[in-house]
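Undergrad: Take a look at the following structure, please.
Just so you know, all these numbers are worked out from the coordinates, no wet-lab data involved. Just so it is clear, the structure is predicted and the values come from calculations on it, not from any experiment. Please note: Cβ atoms are built from the backbone with ideal geometry, for glycine as well, and neighbour counts cover all protein chains shown.
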Amino acid sequence: MNSYIILFIIAAYFGILLLIAWITGRKHSGNEAFFLGNRKSPWYIVSIGMIGTSLSGVTFVSVPGMVRGIDMTYMQTVLGFFVGYILIAKVLLPLYYKLQLTSIYSYLDSRIGRRSYKTGASFFLLSKIVGAAARLYLVVLILQTYVFSTWNIPFAVTVILSIFMVWLYTYRSGIKTIIWTDTIQALCLVAMLIVIIWQVKDKMDLSTGGMIQTLVESPRFRIFEFGDWHSTQNFFKQFFSGIFITIVMTGLDQDMMQKNLSCKNLKDAQKNMYTYGFAFTPVNFLFLALGVLLLTLANQQQIQLPQLNDDILPMFCTSGILGSSILIFFTIGIIAAAFSSADSALTALTTSFCVDILGVEQEEAQKAKRTRLKVHLMISVLFAIIILIFKAVNNRSVIDAIYMIASYTYGPLLGLFVFGLFTRKQPRDKYVPYICIASPLICFTLDYLVKQYAGYTFGYEMLMVNGGITFAGLWAVSAHNKQTSIHSS
């Protein structure tokens, strides 16, 4: 495949994104447009775009590969996701709209106190910037290895150009632009997924019915695990973990909630959440089905698979096994998945830092806009620095550890919000930062000790343990003579 064709496609793709940014930002480029899209976003557009935001570039390559290790049992978690989306629509969105929040962490200020508010926002900022940079690093590394290395472009240049392009189409109107660009990218992502599945089907010389039969008859087509309680894939662990993962990583995540808060009203935001939750399930099923087909194809044709699961899909798409044109579709899919996640994270981080840390909503409009532009640029530069540090370390296990640390930091957010919503106790605000720092450390130690002495490995359920420890700590430092109602917040 001519490398210049791929370069042209990438340039055309970003040209479309820049055109959308120009159209959406020519009339509205103030902070209200950047933070909340002037609260005029069509719910159905937001719903489509959120699919692209949720399915990062890492998801694009990891979910098909995980079939080799755990079959299709990840669907148990996905089913839990759907229940989590319903709970977000019923419990959290009404609260956010009632309080007319720009940053969802402002709730902690009115409910618990200023230190709790700053702590919650800080945990989000830390989790998001490290996690988002790690995800973007892995995708840029794939693009560098399989695409840009052809032209001997240095990795640092690829990183800087990638982040510059994201900055370029988000700096003016932020969320007002992103809801439209992410919609285009989500459609590209799903379309490329279907095209790759179709190419695999043709390579296996199967009809549509034959492909479905191959999936169903595969030993990898195992969705439910009810028997082994020690297994991290046990249904109840996966399902309930999926619920809490969704509540934390969507409902308590400024990145995802910012899009919902840009809808016209609560009813539209709820319709968006229901639709998004319903659509997210079959999309994940397709990723897993692709993994089953790739493993079946490899078995039939005696194709040697790479050691890492994450390398299975890239190997098939770049080696010519599925045809030369598949590299184009793979590149578009990777870019769509990576940048629909990165642009959203960049905007959410800018919003949270401006509102939660700097308090720009108290500033005069023009000064607040200048502050936001500086912060947006600063975070973009920080993204590039973190990614280049990852490259310098060049150790995949370190990146996995960073993912783990980022996931641990969402536990305190879960504990804070659950405590605020479902109790009337008032914790002593000055102790809250220490509790939120201690909880992940306790969980990390607990995980190590249990693995060493009991042979049990915590999975996603550690999120619930983490939130529970934070909740217990808040309860322990609550003043007995001070109570508040969630309805007064």
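Undergrad: Under 8 Å for C-alpha pairs, at least 6 residues apart: give me the relative contact order for the stretch 409-489, rounded to a whole percent.
TA: With pairs under 8 Å counted, the relative contact order is 56 percent.
Undergrad: Output the relative contact order of the chain, whole-number percent, from Cα pairs under 8 angstrom with separation of 6+ residues.
TA: That works out to 32 percent.
Undergrad: Looking at the stretch 146-241, which trypsin sites (Lys or Arg not before Pro) are in a loop (DSSP not H, G, I, E or B) and have at most 16 other Cβ atoms within 10 Å?
TA: Answer by residue number: 222.
Undergrad: Using the structure shown, select from 27/374; 90/128; 27/128; 128/430; 237/430; 267/369 the pairs with a Cα to Cα distance greater than 32 angstrom.
TA: Going by Cα-Cα distance, 237/430 fall outside the 32 Å limit.
Undergrad: If you don't mind, another one. Once you put a point 7 Å from the Cα of residue 472 and another 7 Å from the Cα of residue 434, both along the Cβ direction, what distance in nm separates them?
TA: The answer from the label model is 1.8 nm.
Undergrad: For 167, 198, what's the fewest-to-most ordering of other Cβ within 10 Å of each Cβ?
TA: By the 10 Å Cβ count, ascending: 198, 167.
Undergrad: Moving to a separate point now. What is the gain in length, in nm to one decimal, between residue 365 and residue 207 on full extension, counting 0.36 nm per residue of separation less the C-alpha to C-alpha distance?
TA: 50.9 nm
Undergrad: Please work out the Cα center distance from the stretch 422-485 to the stretch 313-382, rounded to the nearest Å.
TA: The two parts, judged by their Cα centres, are 32 Å apart.
Undergrad: How far is helix 155-170 tilted off the main Cα axis of the chain, in degrees rounded to 10, range 0 to 90?
TA: Here the helix axis deviates by roughly 60 degrees.
Undergrad: Return the long-range amide H neighbours of residue 425 (sequence gap of 5 or more, or a different chain), with a cut-off of under 5 Å between placed amide H atoms.
TA: 484
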